[in-house]
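Trainee: Sharing a structure with you now.
The values are calculated or read from the model by the stated rules, or taken from the named source; none is laboratory data. Quick caveat: nothing in here was measured; it's all calculated off a predicted structure. Cβ coordinates were reconstructed from backbone atoms using ideal geometry, including for glycine residues, and neighbour counts include every protein chain displayed.
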Amino acid sequence: MSRRPAVYVIRQRADLSKVGISISPRRRLSDLTRERKTKLHLDFVGETKDGDARKIERRAHQILSERRVDGEWFATDVSAAVEAVIAAANDLGFTIAENMAYADVRAMLGIRLAPDLKAALERAAKADRRTVSNLVEKILADWLKANGFVRK
């Protein structure tokens, strides 16, 4: 474990995430689980060697400010919260890397798109401050839920 603070994203439910910093994200998860008396999930831990985790956290909070629910909790899904952390690091000129020891396993999917569709996705993702991958995941998840393929 690192002795430097890491930026983490903890999820309470699909549309409620917390962005914070901690030297021990797992311990922070445990503390928050006890405080909130509900199941929480540690979905992302980002570490920076050339930057300040506190500055990244503050900038991520600014990016998500319109979605703030309470303190460091935001009405947003994990993907958008992680994107805010990455965007914050980029805005500040820092690099941030996910510590894969905490990683939630994701399945990979490769798709071919018409160039105009890809360009439209890139514009839409930028407008929504997401990556193309995150936007595609959101669109697919929304469609699958709406059509009864996954639970709402």
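Trainee: What do you reckon, is Ala14 among the hydrophobic types (A, V, I, L, M, F, W, C), in the same structural domain as Met100 (by TED's automatic domain parsing), out of contact with any helix residue (DSSP H, G or I) (no Cβ under 6 Å at 6 or more places or on another chain) and under 20 Å from Ala101 (Cα atoms)?
Mentor: no
Trainee: Spot the failing condition for Lys37; the list is (1) on the phi > 0 side of the Ramachandran plot; (2) touching a strand residue (DSSP E or B) at 6+ places or on another chain (Cβ under 8 Å), and only one is missed.
Mentor: For Lys37, the exception is condition (2).
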